[in-house]
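Bear in mind that the values in this text are calculations on the coordinates, not laboratory data. All values derive from a computational prediction rather than experimental measurement. Cβ sites come from the backbone with ideal geometry, for glycine too, and all protein chains shown count toward neighbours.
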Amino acid sequence: MRPPDAWLRTTPAGLRVEPGGFVIDPIAPVERALVTHAHGDHARPGSRHVLATAETLAIMRARYGDDAYRQGQAAAPGETIAIGGVAVRLVPAGHVLGSAQVVLEHGGVRVVVTGDYKRRRDPTCAPFELVRCDVLVTEATFGLPVFRHPDDRAEIARLLASRAAFPERAQLVGVYALGKCQRVIALLREAGYERPIYLHGALVALCDLYRAHGVELGELRHATGVARSELAGEIVLAPPGALADRWTRRLPDPVVALASGWMRIRQRARQRGVELPLVISDHADWDELNATIADSGAAEIWVTHGREEALVHQASELGLAARALGLTGFEEEGS
C-alpha cells in the first residue's frame, strides 16, 4: 500500500495528483485540471485540459466563454477513467448542478475529495453520494459547532410570511447566481408559490442553463423595466452585491433578505443591512461534516477550504489521523 501523501500533495496551484499529473480545482491555470464544480473559486479559467461533469463544463463555458479551457472532457456518471495509473471517478456532491466528489484509487488506497458538498435534499441537483474510503479530504466552510443549518422549508416559509405581512413591499432576496438562485426558486415552487419570480439581469443566463438541463423553475421575469408599482408584493432575486446598489431604487420599499449559511451570524446580517436573514446554505453544516467523516469509514481525514482547526480537533478526538491542508484561494461563493 502506497501512502496517500506520497502521491497526493499540496502545491501552490492546489491539490496535485502526482501519478496522473493533474490538479484538483487549481487556483491558477495548469496543464491538466480536474474541476469539482463551477463556482468561480473552484473553476478558474485558462487550464489547457479540464475533466469535469458535463454540467460543470457547460457552466464554465457559459461563464468564461472560450477562456474556460482549451479542451474539456466530460466524465459520465459512474465512469472510471484511468489517468497515469490512478483510477478516477466522479460522484455527486449535492452542492450545485454538476457538482462532484472525486474518488481516487491508487497504490491500494481510496481517497475521496469532497469538493464543496451538502447532504440535505436539493431539487436542483443530484444528491450527495457517500463513498467509503481510506482517506477523506473534506471541505470545512461551516466547520464550527455554531453552524447548524435549519430546515430549508422553514426558511422559505419565513420569506412567504414576510410577503404576506408586507403586501405593499417587494421582497428582495440576495442569492448567488449559481446554485442558490435556482434552489431558492425551486423551494418556492415546492412551497406552492406560483407567481412569477423577478430576476436581476445577472441571474438570467444560469437559470436558462439550469432549465436546459431539465430543472423546472416556473415563470421567471426580468425585474428591469418593470414599473415600480407592479413589484409591490413580488419576490425579486438579485446577486448579493446588488442589494445595496442603485438598482434597488426601482423596488417599492424592499424587504432586504439574503439566503446564505452565513446568515446564522446575526452580526453579518446587520453589517449588510439585511432585514430578513435566510439561513439557506449549499454547504454541509457542522453536524453533516461530522456525519460524513464517521460514515466514510476513513482512518485519515484531511480538512480544507474553511474553518479547518475545529474539524481537525474533532476528528482527532475520535482517534482519527487528521490534519489541515491549508490550501488558499477559496472564497464564499455559493455559501
The range 152-278: relative contact order from alpha carbon pairs under 8 Å, six or more residues apart, as a whole percent, is 35 percent
Could you tell me what percent of the DSSP beta bridges with both partners in the chain are antiparallel, to the nearest 5?
35 percent
State whether the range 152-278 is rounded, prolate or oblate according to the following rule on the C-alpha gyration tensor (a ≥ b ≥ c being the square roots of its eigenvalues): a/c under 1.5 gives rounded; otherwise a/b larger than b/c gives prolate, and the remaining case gives oblate.
rounded
Are there GluC sites (Glu not before Pro) in the range 1-87 that DSSP puts in a loop and that have at most 13 other Cβ atoms within 10 Å, and which ones?
GLU31, GLU79
How far is the Cα center of the range 235-291 from the Cα center of the range 19-75, in Å?
29 Å
Residues in the range 160-177 that a label on ARG228 would reach, taking backbone N under 18 Å of a point 7 Å out along Cα→Cβ:
167-172
Using alpha carbons only, how many degrees (0 to 90, rounded to 10) separate the axis of helix 308-317 from the longest principal axis of the chain?
60 degrees
Does the range 22-144 classify as rounded, prolate or oblate by the C-alpha gyration tensor (a ≥ b ≥ c root eigenvalues; a/c under 1.5 gives rounded; else a/b over b/c gives prolate, otherwise oblate)?
oblate
If you count, for each residue, the other Cβ atoms within 10 Å and average over each peptide, how do 64-71, 21-28 line up from highest to lowest?
21-28, 64-71
Amide H neighbours of TYR69 at under 5 Å, excluding residues fewer than 5 places away on the same chain, with H built from the backbone geometry, are GLY46
Only Lys, Arg (+1) and Asp, Glu (-1) charged, at Cβ; the range 1-66 dipole about Cα centre in debye
80 debye
Which whole-number percentage describes the relative contact order of the range 232-335, with Cα contacts under 8 Å and a sequence gap of 6 or more?
20 percent
Nearest 10 degrees, 0 to 90: helix 180-190 Cα axis against the chain principal axis
60 degrees
Taking the Cα atoms of the chain, what is the range of coordinates along each of the three principal axes, in descending order and whole Å?
67, 45, 31
Calculated from DSSP helices alone, with each H run of at least 4 adding -39500 (n - 2.57) and the total divided by the residues of the chain, [θ]222 nm to the nearest 500 comes to -6500 deg cm²/dmol
Under a point-charge model restricted to the Cβ atoms of Lys and Arg (+1) and Asp and Glu (-1), what is the dipole moment magnitude of the chain relative to its Cα centre, in debye to the nearest 20?
600 debye
Inter-site label distance for GLN267 and LEU318 at 7 Å from Cα along Cβ, in nm
2.9 nm
Two pseudo-spin positions, 7 Å from Cα along C-beta at ARG250 and at ALA205, lie apart in nanometres by 1.8 nm
Throw me the Rg/Rh for the range 224-335, computed over C-alpha atoms with Kirkwood Rh, two decimals.
1.15
Taking only C-alpha pairs under 8 Å that are 6+ residues apart, what is the relative contact order of the range 181-248 in percent?
41 percent
